[in-house]
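What follows is one structure encoded as structure tokens, with my remarks underneath.
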Amino acid sequence: MTTERNIDWKTCIAMGSVATTMFTLYKLYKQQNTQTPKAVSGVEQLIGNTPLVEIPSLSNHTNSKIYAKLELANPAGSAKDRVALNIILTAEKQGLLIRGEPGWVFEGTSGSTGISIAMICNALGYRAHISLPDDTSLEKMALLESLGAVVNPVKPASIVDPDQYVNAAKKACNEMITKNGVKAVFADQFENEANWRVHFETTGPEIYQQMDGHIDGFIAGCGTGGTITGVARYLKEKRGLTQLHVVLGDPQGSGFYHRINHGVMYDTVEKEGTRRRHQVDTIVEGVGLNRITANFSHGETRIDEAVRVSDDQAIKMAKYLSVNDGLFVGSSTAINAVVAVKVAEQLQAQGLTCPRIVIIACDSGSRHLSKFWKVAKDIDRDISLDEVMQD
């Protein structure tokens, strides 16, 4: 009996030593990953690994944990940095661009992707040519010009119009290749699979690690569809989070709400003669569309629900987050925050205690001063969250 007890005691000591060693290694790993980052050799190497921060006002109000993935912390200020870099690197792998030789990147964008492309082109030795709607915020226009991009403003139009900004970019790219014989690529962010793949390979894994694998809800808007599909596919397919509730935040006038919830890409404001803008009738920039893109198609089945958010709700939420949390965000982030409150209540109604939800914080409010924040700044700073959420 004494021998058996000694053996059991030795086993316990051994197991305890192993556990202590593993814990020590884990602590060392965590310390290494919280140290000051080392110097890098180019600004493009700073893209990604963005911080995740809790939004206390929303968490406290909903008895949940709501976090924002601060994509606005990327070097050029938005989630589009990831996409722009991956598109250019993919073009280099295909021999369409060669580092050290003259080359152009063309894109049609509502602003943020163009800014990211312009910055990365400067860093890698290329030139950027950006076509965009002529009612894009003045800040984005000025920033593109300051970065040295060739800017081509065009009238807002449907995608079937040959002069629509995406089509204009593709046409300009073809002309550059034909007439000048230089290397040039059309980024084609809406259809280019390098878009959703970079979020599958980087954004999704980062969120999973930052949340220690415990995520109940994920919320993002949809313009090209790359972010929401890439992250959703990673979390559901690669990590097996099959119970994760993925929700698309959609602005008024966009068709994704009906596409996800009803299977039809249609919105009542699409009725002929009722819209102020040809694309989506909203003050929000960067999300919302009335067509199916290749990037969206690659992950549509991984999106569980879409929630419609009015311009009024988004504007009020932006002011609320600024006053209560010090988060000065753009219009699409405000939409995601509105949806987060609704999703938190929904998950709790389903019996989930203190759900953990992540939203994408796409860009800063500094890019929306002349349009979205021109209205949001006048909202009463004492506005309550209940007032924000009123339809």
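The values are calculated or read from the model by the stated rules, or taken from the named source; none is laboratory data. Given the structure is predicted, the values throughout are model-derived calculations rather than measurements. Note that each Cβ is placed from the backbone with ideal geometry, even for glycine, and that neighbours are counted across all protein chains shown. Just the protein is used for accessible areas: all its heavy atoms, side chains included, with ligands, DNA and RNA removed. Shrake-Rupley method; radii C 1.70, N 1.55, O 1.52, S 1.80 Å.
Which of the three applies to the chain, rounded, prolate or oblate, going by the alpha-carbon gyration tensor with a ≥ b ≥ c and a/c under 1.5 meaning rounded? Mind showing how you got there, number by number?
Working: a/c = 2.03, a/b = 1.38, b/c = 1.47.
The shape class here is oblate.
Starting from the Cα gyration tensor of the stretch 115-203, take the square roots of the eigenvalues, sort them a ≥ b ≥ c, and report rounded, prolate or oblate (rounded when a/c is under 1.5, otherwise prolate if a/b is larger than b/c, else oblate).
Working: a/c = 1.16, a/b = 1.14, b/c = 1.02.
In terms of gyration-tensor shape, rounded.
Starting from the Cα-Cα distance between Ile177 and Glu54, subtract it from 0.36 nm times their residue separation and give me the gain in nm to one decimal.
39.5 nm
Quick one: if you stick a label point 7 Å off each Cα along the C-beta vector at Glu201 and Ser158, how many nm between them?
Those two pseudo-labels are separated by 3.7 nm.
Determine the gain in length on full extension of the stretch Ile383-Val40; use 0.36 nm per residue of separation and subtract their C-alpha separation, reporting nm with one decimal.
Full extension of this stretch gives 119.2 nm more.
For the chain, with every protein chain kept in place, what is the accessible area per residue (1.4 Å probe, Å²)? Display every interim value, and only then the final one.
Values: 18130 Å² over 391 residues.
Here the per-residue accessible area is 46 Å².
Let me cross-check Trp104: its accessible surface, 1.4 Å probe, with only protein heavy atoms counted, in Å² to the nearest 10?
About 50 Å², rounded to the nearest 10.
Assign unit charges at the C-beta atoms only (+1 for Lys and Arg, -1 for Asp and Glu), then state the dipole size of the chain relative to its Cα centre in Debye, rounded to the nearest 20.
So the dipole magnitude of the chain works out to roughly 900 debye.
Note down the accessible area of Ser370, probe 1.4 Å, to the nearest 10 Å².
40 Å²
What whole-number distance in Å separates the alpha-carbon centres of the stretch 57-118 and the stretch 180-251?
12 Å
Does the stretch 332-391 classify as rounded, prolate or oblate by the C-alpha gyration tensor (a ≥ b ≥ c root eigenvalues; a/c under 1.5 gives rounded; else a/b over b/c gives prolate, otherwise oblate)?
Values: a/c = 3.47, a/b = 1.77, b/c = 1.96.
It is oblate, given that a/c is not under 1.5 and a/b is not larger than b/c.
Between Gln243 and Ser310, what FRET efficiency follows from the Cβ-Cβ distance if R0 is 30 Å, with the result rounded to 0.05?
In this case the efficiency is close to 0.55.
Could you tell me what percent of the accessible area of the chain is made up of carbon and sulfur, with a 1.4 Å probe and every protein chain present? Write down the numbers at each step before the final one.
Working: 9450 of 18130 Å².
The C+S portion of the solvent-accessible surface of the chain is 52 percent.
With every protein chain left in place and a probe of 1.4 Å, what is the accessible surface of Phe328, to the nearest 10 Å²?
Surface open to solvent at Phe328 totals about 80 Å².
Highest mean first, how do 163-174, 379-390, 334-345 rank when packing is the count of other Cβ atoms within 10 Å averaged over residues?
334-345, 163-174, 379-390
From the phi of every residue in the stretch 328-338, what ³J(HN,Hα) in whole Hz does the Karplus formula 6.51 cos²θ - 1.76 cosθ + 1.60 yield, where θ is phi - 60° and glycine or proline is x?
Once rounded to whole Hz, the list reads 9, 10, x, 5, 5, 5, 4, 4, 4, 5, 4.
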